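Report on one structure; see the data block that follows.
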Amino acid sequence: MQNQNKHDRILDALQTLLRTRSLQTISVSEIAQAAEIGKGSIYYYFPSKDSIFEALIERSYEEPLNTAKELANQTAISPFTRMAMIFQACRNSSSEFLRSENSASPDAPERAFLHQRYISHIVSELKPVLAEIIRQGIRQGDIHFDRPEALAEIVLIVLTIKLDNSIVEASMEEVKDTIAGLITLLEKGTENPPGSLNFLMAI
């Protein structure tokens with residue numbers, strides 16, 4: 001329990017520092033000071049500053065990723081409903097320290113770098129889960145598509161970038177239009193009737 005407490009304190013310290021500083025300017029010593037532990041203790045839990053950041057990303061998205069994995073096993077729910085639930089979980093889990101408008105934030109290049117790391121993590125972690133849901137839909141006859149991994153990756157890349165709306169900024173109307181276009185492609189690519197997947201717009 002004590003080890004877990006120190007582990008979380010290190011992550012909390014980095015998260016707090018990132019509200020006003022760029023990742024590149026934060027030292028391991030400063031993280032240790034903010035966590036109120038010795039610098040040597042940092043290396044007991046993490047080999048580098050980058051590994052602390054990666055762990056912070058994983059913790060920030062732990063809940064939606066667990067939700068996604070649980071949904072993969074709930075075959076009684078339609079695959080598209082489960083897809084929508086996963087997208088909503090990801091959207092709701094947006095990191096506060098990266099999005100907060102009430103605190104000072106890093107400059108634009110730094111924010112873009114941090115968001116890119118988050119998006120990369122989400123896509124790589126959710127791709128196999130979403131691909132499995134798509135494969136289940138194929139077996140059930142709800143989806144007609146022969147490349148589930150590719151479809152999962154395409155959907156996740158478009159949605160994460162558009163819903164995050166920081167790397168490629170767009171108006172709400174532009175975001176909705178892109179998602180509507182994605183839904184149309186999904187309907188055609190999976191041989192579903194036009195309009196049958198419009199409920200995905202709810203995300």
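The values are calculated or read from the model by the stated rules, or taken from the named source; none is laboratory data. Here the structure is a predicted model, which means the values were calculated and not measured. Here the Cβ positions follow ideal geometry from the backbone for every residue, glycine too, while neighbour counts run over all protein chains shown. Note: accessible area is taken over every heavy atom of the protein model, side chains too, but ligands, DNA and RNA are not part of it. Shrake-Rupley method; radii C 1.70, N 1.55, O 1.52, S 1.80 Å.
In region 168-179, the count of residues that are open to solvent by less than 40 Å² (accessible area, probe 1.4 Å) and not aliphatic (A, V, I, L, M) is zero. Tallying residues that are in contact (Cβ under 8 Å) with a residue 24 or more places away in the chain and either open to solvent by less than 40 Å² (accessible area, probe 1.4 Å) or farther than 21 Å from Thr160 by Cβ (or both) within region 120-148 yields 14.
Beta carbons closer than 6 Å, at least 6 apart along the sequence or on distinct chains, pair a first residue in region 26-38 that is among the hydroxyl-bearing types (Ser, Thr, Tyr) with a second that is part of a helix (DSSP H, G or I) and surrounded by fewer than 17 Cβ atoms within 10 Å (Cβ to Cβ) for Ser29/Lys39. If you filter region 18-32 down to residues that are of a type in the set (A, V, I, L, M, F, W, C) and within 17 Å of Phe46 (Cα to Cα), you find that the one that is modelled with the lowest pLDDT is Leu23. As a summary of the residue check, Pro109 satisfies the conditions (1) surrounded by 14 or more Cβ atoms within 10 Å (Cβ to Cβ); (2) assigned to a helix (DSSP H, G or I); (3) at pLDDT below 65; (4) not β-branched (Val, Ile, Thr) except for the one numbered (1).
Would you call Thr81 outside any helix (DSSP H, G or I) and under 30 Å from His144 (Cβ atoms)? The answer is no for Thr81. Residues in region 32-55 that are touching a Leu at 6+ places or on another chain (Cβ under 9 Å), open to solvent by less than 50 Å² (accessible area, probe 1.4 Å) and under 10 Å from Arg9 (Cβ atoms): 1 in all. Does any residue of region 84-93 turn out to be in a helix (DSSP H, G or I) and among the aromatic types (Phe, Trp, Tyr)? So far as region 84-93 goes, yes, one or more of its residues are in a helix (DSSP H, G or I) and among the aromatic types (Phe, Trp, Tyr).
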